Amino acid sequence: VELPPDWTQLLPGDELDLIGPCGRGHALPDRARNILLIAGPAGPARLRPVADSALARRASVVLFSETPQSLGDLSPEIEARFGPAHLSDAVGWADVIYADLDRPALVGLQNRLREGAANGEWPAVPPAHVLLVPPVPCGVGACLACAVPTTRGWKLACVDGPLFELMELEL
């Protein structure tokens, strides 16, 4: 929870009115046994709920990042691969992909997945979900600050997200 700078002034018994993004829940696909997580500069922490859910189902989880980074307190059952050379192998192995990347990296991933499928590097692009964390001032879709362009029109990250299909995003 991001709190305002003056939160340190709160005293026991003070009331807070918190409203947050409602969003949609997300469940791993039933048949997904090989889960690929792609972490960007923010690190893998925001992908932890997906990793924990996958491990609870006894799925295999691989974390990929272009550059080495701290794995924080992620489970030792998660295999980590760093460097661009590992992405092709990981995509071909994955049943589903979850990514937390900035916009330029999402554009690159979207293009790379399309190219790899087109040139036969893998039979098809596995479902790829991306975590979008735009500004969410209101948390209920009223302010439209979190609007995301998709092939199906505009969606709101706070109501329709925070996970979106990568190939449906208009990047």
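Observations, loosely collected:
- When each of the peptides 157-167, 76-86, 107-117 is scored by how many other beta carbons lie within 10 Å of its residues on average, the order from highest to lowest is 157-167, 107-117, 76-86.
- Rounded to the nearest 0.05, the FRET efficiency derived from the C-beta distance between Asp102 and Leu71 at R0 = 30 Å is 0.95.
- Measuring spread by the Cα atoms of the chain yields a radius of gyration and Dmax of 17.6, 62 Å.
- The amide H of Thr150, built 1.01 Å from its N in the peptide plane, has Lys155, Glu170 as neighbours under 5 Å, considering only residues 5 or more places off or on other chains.
- Expected 222 nm ellipticity per residue - DSSP helices of 4 or more, -39500 (n - 2.57), all of the chain, to 500: -6000 deg cm²/dmol
- Heavy-atom accessible area ranking, 1.4 Å probe, most first, across Asp73, Asp30, Asp102: Asp30, Asp73, Asp102
- Rough spin-label spacing in nm, given labels placed 7 Å along Cα→Cβ, for Arg58 and Gln9: 5.5
- Å² per residue, accessible surface of the chain at 1.4 Å: 59
- C-alpha long axis of helix 103-118 to longest principal axis of the chain, angle in °: 30
- When the chain is treated as a GNM with alpha-carbon contacts under 10 Å, the residue of Leu63, Leu16, Leu55 showing the greatest mean-square fluctuation is Leu16.
- Dipole of region 72-139 [Lys/Arg +1, Asp/Glu -1 at C-beta], most positive-end residue of Leu106, His129, Leu87: Leu106
- Ranking Leu11, Leu171 from most to least accessible surface, computed with a 1.4 Å probe over the protein chains only, gives Leu11, Leu171.
- Between Pro44, Pro127, Pro12, the GNM of the chain built on Cα springs shorter than 10 angstrom shows Pro12 fluctuating the most.
- Gyration tensor (alpha-carbon) shape descriptor, region 25-80, a/c threshold 1.5: prolate
The values are calculated or read from the model by the stated rules, or taken from the named source; none is laboratory data. On a predicted model such as this, the values are computed, not experimentally measured, just so you know. For neighbour counting, all protein chains shown are included, and Cβ atoms are generated from backbone atoms with ideal geometry for every residue, glycine included. What goes into the accessible areas is simple: the full protein's heavy atoms, side chains included, and nothing from ligands, DNA or RNA. Shrake-Rupley method; radii C 1.70, N 1.55, O 1.52, S 1.80 Å.
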